[in-house]
Structure formats: C-alpha cells, structure tokens
Amino acid sequence: MNEKLMKAKNRKISLGDKIFSIVNVTVLILLCLITIYPIWYVVCASFTENTYLVSNPGLLLRPHGFTLGAYKMALTHPLLLSGYRNILIVMCVSLPINILLTLFAGYFMASKKVLFKPIIQFLILFTMFFSGGMIPMYLNIRGLGLYNSLWSLILPGAMSVYNAIICRTAVEAVPESLTESAYIDGANDLVILFRIIVPLVKPTIAVLLLYYGVGHWNSWFNASIYLRDNDKLPIQNIMRAILIANSNVLNSAAAENDRANQFAEAIKYSTIVLTTLPVLCIYPFVQKYFVKGVMIGAVKG
C-alpha cells in the first residue's frame, strides 16, 4: 500500500493533465464569478445613490455615493414590516404541520404489511402528478372559508409528496431489527416513529425543513390569488409590488412621499437584500446536514 502511494506521488504529471487542470480551474472560477456577481451587484446597488444607478446601468463593482437611504425607506414602509410578520406567522405554523404530515406519510409508505397500502400509496402519488387546477382550487378555498386568510397559504400545501418520498427512503434505511424489537417490547407506531425513527433521520428532517422553509419564503402566487387585503400579503408579494413600477399596491404610498422618488431605483435592490438575507443566514447552520440528509433520503432508482 505504501509503495503504491509513493509511486502515485512520484508519478510525473503529463502535459494533458496540466492542461485539463488549468481549463478545469478556469471554468470553475468563471462559473463562480458568474454566480456571485449578480448577488454582489444587488448589494452594491442597494448602497448606491439613485442618480448613479440611473445614469450608469452597466457594471458595478462597488457602491458609489454610499448611502443607507434606500434601506431606511424600505424598513419604514408599513407593508414591508407586515410582509415579514405574515411570512413568519405562516412559517411558524406551517413547518410543524409540514414535517409532521411528511413523517406520517413517509413512515406509512416505508411500512410493510399495511392494510390497503398499495391503493393508498397510489392515491398519494397520484396527487403528485395531477391536480384539480387553479379554478377548482380557488373555489375549494372559498368554500372552506379560507379566502383572505393566512390559512389559505398553510393548509393547501401542508405536505409535499416529493418530500414524503425522500422521507420514506430515509425511513427505509433504518434497520428493520430496531422496529421489530420495539414491537416486541410493546411499543406502538407513534412511539417507534418519534422515539426511534426521528432521532435516526434528523439530517433528512433538517433538509426537509429547509425545503419547506425556502418554499414558503419564496411563495407569492397563492397569496396573490387567495388574499385580498394588502396587510395580509407575505414578504415576496411586497417585494414583487416594489419591483413592478406600476403596481397598485405601493404606488399610492410612494406618491405621497417625495423621498421615495429619490431612492426609487436603489429601494428595489435594498428590498431584494432584505428579503434574501434571512434565508442566506439560515443556510450555514443547515449546510452540515444538507449533503448527509439528501444522500440518506435519496430517491432510489
């Protein structure tokens, strides 16, 4: 073994290997720059004076005329603060429901010798590919009394079938001998799920929390259909209203304040930063679970 390592170290690197390494590193650096620059541009533009942004729409490598005016305007806007409040309410209520239902569905699909399992599993998977459509969904929301309520953003998407499949695969990776011994000791399915399964699939649960959380945070379409009052809109709808110049949601408030025109361009970028920053702050804490959780819960071919 040591001889093989010594030979590998002493092996001369061929010209083809050098060319491949140079091209590979160059392409990866270019991809990193292409990925990072739009984020850097938005951050720099959010601190730049509005006049410079309007007169120089090209490359931007640093803030020009450093100012916090756009952030002050964005943070003092009542709809932005209510948007943060609404999305936090939705996430605090939705995530426990999402994880609980996903665990139940994943545990059910991973269990063996369950009565009517093929039929029920088929019905669950059927909803992954087919739905009633937007109009029946809208009529259903109105009929259930959820229209113009934050519950319309929570209950319809309470469980993702794709995430349930990931959870099922993670549960199947748990040794069957653990559950069988728990059954012999008198444990029921709830005890097995929460005392044995959940501690062993924590990385997958962390990944599912990230999937659900980012999905709720970025969602705006359902809110634009099911919510009538502006003060109930989540943060992404407020950001969309700010980015669209002729939006009826924010134009009336901006027209009454002359300072809004002073930061009209920069306020768009500051709003993007304010709505993206919370998710970016959460990623480092979940990153250590991400690869492990995806590999454990990977969908088998």
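Exactly one of (1) within 23 Å of the chain's Cα centre (by Cα); (2) over 19 Å from VAL273 (Cβ atoms); (3) without any contact (Cβ under 8 Å) to a residue 12 or more places away in the chain is unmet by VAL114. Its number?
The number of the failed condition is (1).
Can you tell me which residues in segment 174-210 are among the small types (Gly, Ala, Ser) and either in contact with a helix residue (DSSP H, G or I) (Cβ under 9 Å, 6 or more places away or on another chain) or closer than 23 Å to PRO284 by Cβ (or both)?
Correct list: ALA182, ALA187, ALA206.
Given (1) of a type in the set (A, V, I, L, M); (2) in a helix (DSSP H, G or I); (3) open to solvent by less than 80 Å² (accessible area, probe 1.4 Å), where does ILE135 come up short, assuming only one miss?
Status for ILE135: all satisfied but (3).
For segment 144-157, what are the residues that are open to solvent by less than 70 Å² (accessible area, probe 1.4 Å) and of a type outside the set (Phe, Trp, Tyr)?
Scanning segment 144-157 gives GLY145, LEU146, ASN148, SER149, LEU150, SER152, LEU153, ILE154, PRO156, GLY157.
For segment 192-245, give me the residue count where each residue is of a type in the set (Phe, Trp, Tyr), surrounded by 14 or more Cβ atoms within 10 Å (Cβ to Cβ) and within 30 Å of VAL171 (Cα to Cα).
Residues that pass the stated criteria total 3.
Among the residues of segment 75-103, write down those that are touching a residue at least 12 places away in the same chain (Cβ under 8 Å) and under 24 Å from VAL191 (Cα atoms).
VAL93, SER94, LEU95, ILE97, ASN98, ILE99, LEU101, THR102, LEU103
Suppose the filter is farther than 26 Å from GLY215 by Cα, exposed (fewer than 13 other Cβ atoms within 10 Å of the Cβ) and modelled with pLDDT of 80 or more; does LEU31 pass it?
No.
Find all pairs meeting these conditions: Cβ atoms under 7 angstrom apart; at least six residues apart or on different chains; first residue within segment 117-128 and closer than 13 Å to ILE165 by Cα; second residue open to solvent by 70 Å² or more (accessible area, probe 1.4 Å) and among the small types (Gly, Ala, Ser).
Correct list of pairs: empty, since none qualify.
How do the helices (runs of 4 or more DSSP H) wholly within segment 151-217 filter down when requiring 1 or more residues that are of a type outside the set (Val, Ile, Thr) and over 30 Å from ARG85 (Cα atoms): which remain?
Answer list for segment 151-217: 161-172, 176-184, 189-192.
Under 6 Å between Cβ atoms, at least 6 apart or on separate chains: pull out the pairs that start in segment 158-184 with a residue that is under 13 Å from LEU125 (Cα atoms) and open to solvent by less than 70 Å² (accessible area, probe 1.4 Å) and end on any residue that is of a type in the set (Gly, Ala, Ser) and part of a helix (DSSP H, G or I).
Hits for this filter: ALA164/ALA105; ALA164/GLY106; ARG168/GLY106; ARG168/ALA110.
Run LEU227 past the list (1) out of contact with any helix residue (DSSP H, G or I) (no Cβ under 9 Å at 6 or more places or on another chain); (2) aliphatic (A, V, I, L, M); (3) in contact (Cβ under 8 Å) with a residue 40 or more places away in the chain and report the number of the one that doesn't hold.
(1)
Examine segment 51-74 for a residue that is under 30 Å from ALA173 (Cβ atoms) and either in contact (Cβ under 8 Å) with a residue 12 or more places away in the chain or in contact with a Phe, Trp or Tyr (Cβ under 7 Å, 6 or more places away or on another chain) (or both), and state whether such a residue exists.
Looking through segment 51-74, none of the residues is under 30 Å from ALA173 (Cβ atoms) and either in contact (Cβ under 8 Å) with a residue 12 or more places away in the chain or in contact with a Phe, Trp or Tyr (Cβ under 7 Å, 6 or more places away or on another chain) (or both).
So which of GLY132, GLY106, GLY143, GLY65 is among the small types (Gly, Ala, Ser) and closer than 28 Å to ASP231 by Cα?
Unique residue meeting the criteria: GLY143.
Looking only at segment 246-268, decide whether some residue is open to solvent by 60 Å² or more (accessible area, probe 1.4 Å), touching a Gly at 6+ places or on another chain (Cβ under 9 Å) and either at pLDDT below 80 or in a helix (DSSP H, G or I) (or both).
yes
The values are calculated or read from the model by the stated rules, or taken from the named source; none is laboratory data. Remember, it's a predicted structure, so these values are computed and weren't measured experimentally. Here Cβ is always computed from backbone atoms with ideal geometry, including for glycine, and neighbour counts include all displayed protein chains. The accessibility values were calculated without ligands, DNA or RNA, using every heavy atom of the protein model including side chains. Shrake-Rupley method; radii C 1.70, N 1.55, O 1.52, S 1.80 Å.
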